[in-house]
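Here is the structure we will look at.
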């Protein structure tokens, strides 16, 4: 469960040793794949993380590896803020699954840069260049994107990190489908004090029906589960102009769960312009934590 530093790439001189045309062909093919990966969304996320001063690592979950980026290391007993990204690109178009669901523009990776608390960006299984690694298959980012397998692996990866750093207070942030996962993770940790979502489809079934999508049969649905414990404070933000997750869907998803608060933000939609509003969110979190 330890934070694993990225390994340095082996030198390319091996490709030029004896081994004939077949070895040179294989090395050329591998090099081409690496170049493609670096040019794709996973590579862009790595470059953005480097620009923002984050440290990249890998955590082991249950059957999956998870790419993570962290900013600062929590001291024993200090709170940790954990960021979970949205669904990215599960589909290229109808009936054509994306070969890599990694988001082109990782919103939560950018928002984490504005957070002064020690923070961890927790990658989802099969994202950030891992889509072609076992045991990944398209179900893990399509109909099973919120499945028990996905949630359990993320929980195992995060749980090991919390234990290693003696984290006793945890705040989870999630955008869109990342908010669904944040809700599904929150109740699995005694350390969770708060969960904050942005434009999250908290009732997965109602959201799919609203858009005429196929039901995500392999996924868990937070709206079907028991309410989170009262000790876990909830603020669910949604842009007034959000057409992908309309405010009415968010309100309906948390209706009757008295300790959950919905905040509709004028001038924002599903993606724009959360960076301008993020200081307000962070102040609200700080105020809640100090109460």
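I need 108, 114 ordered by Cβ neighbour count within 10 Å, fewest first. It would help to have the intermediate numbers written out before the result.
Details: 108 24, 114 12.
With the sparsest Cβ surroundings first, the list reads 114, 108.
Determine which residues of the range 179-211 fall in the zone a paramagnetic label at residue 291 would reach in this model, i.e. backbone nitrogen under 14 Å from the point 7 Å along Cα→Cβ.
193-196
Where does each of 66, 165 land when they are ranked from fewest to most other beta-carbon atoms within 10 angstrom? Walk me through the intermediate numbers first.
On the way: 66 23, 165 18.
Ascending Cβ contact count within 10 Å gives the list 165, 66.
Quick check: pseudo-label points 7 Å beyond the Cα along Cα→Cβ at residue 276 and residue 78, how many nm apart are they?
Going by the 7 Å Cα→Cβ label model, 3.2 nm.
Percent of alpha carbon pairs in the range 74-162 separated by more than 18 Å? Spell out each step's value before the answer.
On the way: 1923 of 3916 pairs.
Tail of the P(r) past 18 Å holds 49 percent of the pairs.
GNM on the chain, C-alpha springs below 10 Å: top fluctuator among 156, 209, 186?
209
Below 8 Å, C-alpha to C-alpha, sequence gap of six or more: please give me the relative contact order for the range 136-291 in percent. Intermediate results must be reported in sequence, preceding the final value.
On the way: 244 pairs, mean separation 31.1, N = 156.
It comes to 20 percent, rounded to a whole number.
Roughly what % of DSSP beta bridges within the chain run antiparallel, to the nearest 5?
On the way: 13 of 39 bridges.
The antiparallel proportion sits near 35 percent.
Would you mind ranking 168, 70 by Cβ crowding within 10 Å, fewest neighbours first?
Details: 168 15, 70 21.
Going from sparsest to densest Cβ surroundings: 168, 70.
Considering the chain as a Gaussian network with a 10 Å cut-off on Cα pairs, which listed residue, 280, 262, 68, attains the greatest mean-square fluctuation?
In this elastic network of the chain, the residue with the biggest mean-square fluctuation among 280, 262, 68 is 280.
Would you mind getting me the FRET efficiency between residue 163 and residue 55? Use the beta-carbon distance for r and R0 = 22 Å, nearest 0.05. Show your work: numbers first, answer last.
Values: r = 19 Å, r/R0 = 0.86.
Efficiency, rounded to the nearest 0.05: 0.70.
Please give the length that would be gained between residue 133 and residue 264 if that part of the chain were fully extended, namely 0.36 nm times their separation in residues minus their C-alpha to C-alpha distance (nm, one decimal).
Gain on extension, residue 133 to residue 264, equals 43.2 nm.
Rounded if a/c is under 1.5, else prolate if a/b beats b/c, else oblate: with a ≥ b ≥ c from the C-alpha gyration tensor eigenvalues square-rooted, which is the range 55-290?
rounded
Values in this text are rule-based calculations from the coordinates and carry no lab data. In this text the structure is predicted, and so the values were computed from the model without any measurement. Cβ: placed from backbone, ideal geometry, glycine included. Neighbour counts: every protein chain shown.
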